[in-house]
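Q: Here's a structure for you.
Computed from the coordinates by the stated procedures, all read-outs in this text should not be read as laboratory data. Here the structure is a predicted model, which is why all the values come from computation and not from measurement. Positions of Cβ are generated from backbone atoms using ideal geometry, with glycine treated the same way; all protein chains shown enter the neighbour counts.
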Amino acid sequence: MQLLNNSKYIIYNDKDNTFTINSNKSTYQMKVDENKSLLHTWYGEKTVGSDYSYIFTHMDVGFSGNPGDRSTDKTYSFDTLPQEFPQYGTGDFRINALDVLWENGTRGTDFRYSSHEFYSGKYNLEGQPHFWSREDNEAETLVITLKDRFSELKLELYYSVFPEFDLITRSAKLINETSETVFIKNFASAALDFVYSDFEVLHLPGQHTGERNAEITELGRNIFQVRSTRGTSSHQHNPSIILQGKDTTELVGEAYGISLVYSGGFNISCEKDQLGQIRVVAGIDDSNFNWKLKAGESFETPELALSYSSNGRGELSRNLHNAVNNNLIKSNWVNKRRPVLVNNWEATYFDFTKDKILEIVRKAKELNFDLFVLDDGWFGKRDLDISGLGDWIPNEAKLGGTLGDLAKEVNELGLDFGIWMEPEMVNEDSDLYRTHPEWALAIPGKSPVRARTQLVLDFSRKDVQDFAIEALDNVLQSGNISYLKWDMNRSLFDLYSAVLPADRQGEVSHRYVLGVYRVFQHLLDNYPDLLVEGCSGGGGRFDLGMLYYTPQIWTSDNTDAIDRTRIQHGTSFFYPLSTISAHVSAVPNHQNQRVVPISTRAATALQGAFGYELDLNTLTEAEQEFTKKFISFYNEYWETVQKGDYYRIIDPYEDKYITAWEMVDKSKNNAILVVVYKDLMTGRLPKLIRWQGLDRNATYKLTLYNGEGRQVLGEYKAADLETAGLKIEQASRNYDAVWYVAEKM
Ligand code: GLA
């Protein structure tokens, strides 16, 4: 970052004392008022940069008090004014972004503007994932420094803007320049105040095997929370919401994307206040948080990503996808073709031998797969999920030799080799636990909560992180391993660390996340070509924080294609298809027994990083033939899928019978529209589907694909496909899928 005198996108107007941050299509504005309070004046559609403080009202509201320096002005209250960083202690009874406890038992701060600076490029966050800029002109940064009126506490607010993606990132840093120790009870990454309230919230609740259902909640005059107290971002909630107008759709209307770059417990709260104004506060979950900040120390929050579109949720998602692919994911694998893999989990579970593995690998080679992934069960005493975690020593009897030997044999058969690990966990029945019981999170004298009969290693400890690094190094260096699936199969509880004093136990949850990040950073630094896939019982840790380190994440332990259309639809609001790992699995499906044709399973797995997860030798001749053809289809069109523009065409929640999505190559040379039939109803008219994102003046050649083969449909004008639409016949059998490829002529 370089200090700037003049910034292009961030404007300070010294007459109005406003800071206006512009992106290509949005404007964000703050104002330092006559009391040096930093008020929030605007976030939304791009404006001409006036002073937008005129949209809010100084009003005498009974029981909303006035700060000491405006004690006789009944119209000035922090309980009603929109603020940039609301704190406990100013007479604001709404949810806050900062709550500090002092040595004498009192709480509160009152931060006022002190100074500001502009920089070219994106700010950095040491030890935490964050968006980053390549060249200085990709992003600009504003740092505003505030000082507490009554102490030497300093607060720095960070803003970076990526104009092209209408993305603004925020983070805050509290610096203790006092001579006493304070405790931070709550410290959010950011708050957003709106003086109007016609919003609803699209959020992504779910559970294991049913992640990220898109749900829309209207805001009432109360506090609505999207929150995980699980120590991970979780299946139950995702750290992302869209605040949208009541008439917003995929194509029109206002949409604000709000997403934490954080993988731990979090809290995104929306409060509609007594006047009907809305405040959103997003950050670390404060229920498991109490941070001791000694004199001279500082604390930096995780980052929050904000994006705005006035053209509906579709454009918002595409901006976020582009930003994630261009400026978040650190892995060398970003924007590269992901190998077509076959994973043995649902093929064998724990019950495999070397011969069985090699049988799958041979078939995989025949069908043109790129990579074989050996899942759980290859190490320690691990033939069931009750033992062995922590002992990352290959079970050579089961593998028929060393791990390196197996990798070599797989390579010789023509495939790359990948491996599964769960570095954060330990089973009590393991040598690791017998040697280091104190490494597991547990409260002294209490029997800890188990989940999947396992305990969580205390990653807040450096020695535990170092152990994990060593275990990973040993495994990754024991052979030619080109892929790692890092799993994490339970939520955190019993948050007690044996090496921290009593008054620091409230730090364990966040320190755990920082510890996990440190180990992931080790992988990025030392294995730049390793493809790391994140996983937490499927998509229990699918967030922007993880994506910084892992370019793809196993989306769900539910591999049923029809359920996956809903899960992947929800995931697509924030996360690009390149990150959404999706596999063809066996039928009847292992989670719900549904039987779906292989063409539908494949077309659905193409909505992400594509692979298989079944015993390839159980496929019929016809299914094998189809698989081969589909892999060459993927190889031809992977860029359209993984780097292209994504359109949600028919919402699986809204239409009972059909769901559809479209992927358009960046240069608009081709597009793929996938249609999945979820249910049948005899006698229904064909459906008209409007394409999106084509080159409007061009003509495209359309080819229809299904399980049987393909058929050229002829030439279509893009303008017709996007207005009148394309007629899609209803399915003749349940759970069918068809996909259309449009090639520009
Ligand atoms: C989790 C993962 C699965 C599989 C199993 C192995 O559930 O999500 O894909 O790796 O663990 O135990």
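Q: Report, for the stretch 476-599, the % of DSSP beta bridges that are antiparallel, rounded to 5. Provide the component values of the computation, followed by the final result.
A: Numbers: 1 of 10 bridges.
Beta bridges within the stretch 476-599, antiparallel portion: roughly 10 percent.
Q: Now, a different point. Quick check: the distance between the Cα centres of the stretch 559-579 and the stretch 45-69, to the nearest angstrom?
A: 41 Å
Q: With a 10 Å radius around each residue's Cβ, average the other Cβ atoms per peptide and rank 282-291, 591-600, highest first.
A: 282-291, 591-600
Q: Follow-up. Just how far, in whole angstrom, is the stretch 640-691 from the stretch 593-636 if you go by their alpha carbon centroids?
A: 19 Å
Q: Using Cα pairs under 8 angstrom and six or more residues apart, how large is the relative contact order of the stretch 649-744, in percent?
A: 34 percent
Q: Turning to a different aspect of this structure: Return 500, 316 ranked ascending by Cβ neighbour count within 10 Å, so the fewest neighbours appear first.
A: Values: 500 17, 316 26.
In increasing order of surrounding Cβ atoms, one gets 500, 316.
Q: Tell me the label-point distance for the pair residue 61, residue 36, using the 7 Å Cα-to-Cβ offset, in nm and rounded to one decimal.
A: Each label point is offset 7 Å from its Cα along the Cβ direction, giving 2.6 nm.
Q: Related question: Sorted by mean Cβ packing within 10 Å, highest first, what order do the peptides 73-84, 519-530 take?
A: 73-84, 519-530
Q: How much length is gained on full extension from residue 703 to residue 134, taking 0.36 nm per residue of separation minus their Cα-Cα distance?
A: Working it through step by step, the gained length comes to 200.9 nm.
Q: Hey, what number do you get for the chain at 222 nm if only DSSP H runs of n ≥ 4 count, each worth -39500 (n - 2.57), divided across all residues, to the nearest 500?
A: Values: 13 runs with 139 residues, N = 745.
It lands at -5500 deg cm²/dmol.
Q: Now, a different point. With a cut-off of at most 13 other beta carbons within 10 Å, and DSSP calling the residue loop, which chymotrypsin sites (Phe, Trp or Tyr not before Pro) in the stretch 157-249 qualify? Please list them. Spell out each step's value before the answer.
A: Working: sites: 158, 159, 165, 183, 187, 194, 196, 199, 224; in loops: 196.
Passing both the DSSP loop test and the Cβ count: 196.
Q: Set the Förster radius R0 to 45 Å, insert the Cβ-Cβ distance between residue 335 and residue 72 as r into 1/(1 + (r/R0)^6), and round the FRET efficiency to 0.05.
A: For residue 335 and residue 72, the calculated efficiency is 0.15.
Q: Could I ask something else about it? Once the Cβ-Cβ distance between residue 247 and residue 593 is put in as r, and R0 is 56 Å, what FRET efficiency do you end up with, to the nearest 0.05? List each step's numbers first, then the result.
A: Working: r = 40 Å, r/R0 = 0.72.
For R0 = 56 Å, the calculated efficiency reads 0.90.
Q: Any idea what the relative contact order of the chain is, in percent, if you count C-alpha pairs under 8 Å spaced at least 6 apart?
A: Taking the mean separation of contacting Cα pairs over the length of the chain, I get 10 percent.
Q: Same structure again: In the structure shown, do any of 628/727; 365/666; 363/678; 147/294; 354/381; 336/666 have a Cα-Cα gap over 21 Å, and if so which?
A: 628/727; 365/666; 363/678
Q: Sticking with this one: Counting other beta carbons within 10 Å of each residue's own, what order do 675, 182 fall into, fewest first?
A: 182, 675
Q: In the chain, what % of DSSP beta bridges are antiparallel (nearest 5)? Write out the running numbers ahead of the final one.
A: Values: 145 of 174 bridges.
The answer is about 85 percent antiparallel.
Q: Checking understanding here: applying a Kyte-Doolittle mean of at least 0.0 and a length along the axis of at least 30 Å (C-alpha), which whole DSSP H helices in the chain pass?
A: On the way: long enough: 621-643 (32 Å, -1.15).
Within the chain not a single helix satisfies the rule.
Q: With charges only on Cβ, +1 for K and R and -1 for D and E, what is the dipole size of the stretch 337-419 about its Cα centre, in debye, rounded to 20? Please report the intermediate quantities before stating the final value.
A: Numbers: 11 positive and 16 negative charges, 41 e Å.
It comes to approximately 200 debye.
Q: Consider a paramagnetic label point 7 Å from the Cα of residue 365 along Cα→Cβ; state which residues of the stretch 393-411 have an amide N under 17 Å from it.
A: Flagged as within label range: 405-411.
Q: Hey, another quick one. Please state the charge dipole magnitude for the stretch 10-328, taken about the Cα centre, from unit charges on C-beta atoms (+1 on K and R, -1 on D and E), reported in debye and rounded to the nearest 20.
A: 460 debye
Q: Where the centroid of each part is defined by its Cα atoms, how far is the stretch 73-131 from the stretch 439-505 in Å?
A: Between the Cα centres of the stretch 73-131 and the stretch 439-505 lies a distance of 34 Å.
Q: Right, next: May I ask you to order 576-589, 95-108 by the average number of other C-beta atoms within 10 Å around their residues, highest value first?
A: With the highest mean Cβ count within 10 Å placed first, the list reads 576-589, 95-108.
Q: How do 623, 729 rank when sorted from fewest to most other Cβ atoms within 10 Å of their own Cβ? List each step's numbers first, then the result.
A: On the way: 623 20, 729 13.
In increasing order of surrounding Cβ atoms, one gets 729, 623.
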